Amino acid sequence: MQLRYSFRLYPTAGQRASLGRAFGCVRVVYNDALRARETARCEGLPFPKTGDLSKLLITEAKKTEARAWLGEVSAAVLQQSLRDLDTAYRNFFDGLKGKRPRMGAPRFKSKRDTRQSVRFTANARWKITPGGKLSLPKIGDVPVKWSRALPSQPSTVTVVKDSAGRYFASFVVETGPEQAAPATGGEVGIDLGLTHFAVMSDGRKISSPRFLRRAEKKLKSAQRALARKQKGSANRAKARLKVARAHARVTDARHDFHHQLSTQLIRENQAISVEDLCVKGLARTRLAKSVHDAGWSAFVAMLEYKAARYGRTFVRVDRFFPSSQVCSACGVKDGPKPLAVREWTCGNCGTVHDRDVNAAVNLRTEGRKVAAGQAETQNARGAQVRPGAIPAQRVTPTPVGQKQEPTETATRP
């Protein structure tokens with residue numbers, strides 16, 4: 001599988017200027033190609049191919065006075081910007097065909113975007129020097145803060161400047177089955193929430209750190225100071241950086257928390273079951289800020305890729321599975337309960353349940369069934385979430401006034 005490793009870069013003033021030129025050239029080539037394709041679409045002309053755009057917008061453009069500065073950066077990053085545009089179009093069309101979630105059409109990039117990036121592929125002849133620096137063509141040897149060793153030779157590197165003005169090198173590497181961890185007999189179901197970030201089926205409860213809520217006071221102060229600055233002034237740019245750095249600290253703290261907890265769970269358990277929450281729907285409620293602050297989607301994604309990497313079993317239990325309504329002791333469904341009810345007693349066997357722990361135990365049990373292919377997931381009303389094939393009657397044309405009789409049945413998925 002492919003993994004991405006990010007490390008902090010500390011370029012000099014001259015290297016920052018060179019990177020700025022690379023960001024600008026990549027953006028211009030991307031926008032020129034997008035404009036050429038949109039113009040062809042509006043005029044009903046054939047869709048320009050990448051090879052033709054490369055020759056017109058890079059090779060020939062360098063010979064003109066208006067685009068002569070494209071020769072100041074590596075040609076490989078300019079070619080890569082055209083490939084990125086192809087990927088954007090491919091994702092857009094695949095979304096329309098239903099092959100992936102829908103996304104918008106490619107849009108023009110702005111020089112005012114606070115996040116900029118440029119990608120160096122293998123043919124760009126970048127390398128890691130014996131001294132541990134990242135050697136980039138027409139930029140130089142950039143110091144890197146290495147936090148770990150790369151598991152294999154990276155195929156590409158993307159240099160990113162984020163909104164807080166920090167530079168990062170993002171490497172894509174291939175990892176194999178040699179990364180599999182020793183087997184363990186543990187199984188766990190995880191119920192995600194807001195008061196407690198995660199409740200385990202063994203009774204453990206992980207408190208929600210609420211990184212954004214804790215930083216709100218400083219964020220409000222920084223944002224008020226930004227609102228008072230005159231637009232376009234140098235002081236406004238400084239104030240914007242302060243706001244961006246405050247948000248970056250919150251993001252980094254949440255990211256580190258997710259990594260530590262997901263790694264711990266993967267090391268301790270052989271099988272992990274998590275409910276497939278509808279985060280987009282929850283983010284449209286009054287709990288939106290708390291839902292985004294928790295970052296459930298990022299945490300579950302980490303669990304999923306780490307489970308695949310270390311040979312663990314990861315199961316997403318259907319979101320319609322009534323984990324909070326079923327007694328984990330006797331299996332009887334006790335009906336829906338308001339969120340204010342945190343403890344309840346089963347009317348069949350008399351077991352007193354903690355709502356979240358009981359849900360986590362049910363998720364673990366359902367995860368076993370899903371992994372074994374035996375799950376019959378039902379919604380809260382007991383109906384099948386994904387009903388089977390429905391037989392549909394097909395009739396043949398008959399004269400007007402004569403009763404139609406079904407002749408055969410066809411299966412409608």
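The values are calculated or read from the model by the stated rules, or taken from the named source; none is laboratory data. Every value quoted in this text rests on a predicted model; they were computed, and no experiment measured them. FYI the Cβ positions are ideal-geometry reconstructions off the backbone, even for glycines, and counts take in every protein chain you see. Areas reflect the complete protein model, heavy atoms only, side chains present, ligands, DNA and RNA absent. Shrake-Rupley method; radii C 1.70, N 1.55, O 1.52, S 1.80 Å.
Some points to look at:
- Any hit, the range 225-248, residues being at pLDDT 95 or above, surrounded by fewer than 16 Cβ atoms within 10 Å (Cβ to Cβ), touching a helix residue (DSSP H, G or I) at 6+ places or on another chain (Cβ under 8 Å) and not in a helix (DSSP H, G or I): yes
- Among (1) more than 30 Å from Met200 (Cβ to Cβ); (2) in contact with an Asp or Glu (Cβ under 6 Å, 6 or more places away or on another chain), the one test that Pro106 misses: (2)
- Some residue of the range 202-223 being in a loop (DSSP other than H, G, I, E, B), of a type outside the set (Ser, Thr, Tyr) and under 26 Å from the mean Cα position of the chain (by Cα): yes
- Number of the exception - Glu174 against (1) open to solvent by 50 Å² or more (accessible area, probe 1.4 Å); (2) at pLDDT below 95; (3) more than 22 Å from the chain's Cα centre (by Cα): (3)
- A Cβ distance below 6 Å, combined with a sequence gap of six or more or placement on separate chains, defines the contacts here; from the range 341-368, residues that are in a strand (DSSP E or B) reach residues that are surrounded by 13 or more Cβ atoms within 10 Å (Cβ to Cβ) and among the aromatic types (Phe, Trp, Tyr) in the pairs His353/Trp344.
- Of all residues in the range 62-74 being within 20 Å of Asn123 (Cβ to Cβ) and not basic (Lys, Arg), the one that is most open to solvent (accessible area, probe 1.4 Å): Glu72
- The single residue among Arg27, Arg35, Arg41, Arg21 that is closer than 28 Å to Phe93 by Cβ, in a helix (DSSP H, G or I), open to solvent by 60 Å² or more (accessible area, probe 1.4 Å) and in contact (Cβ under 8 Å) with a residue 12 or more places away in the chain turns out to be Arg35.
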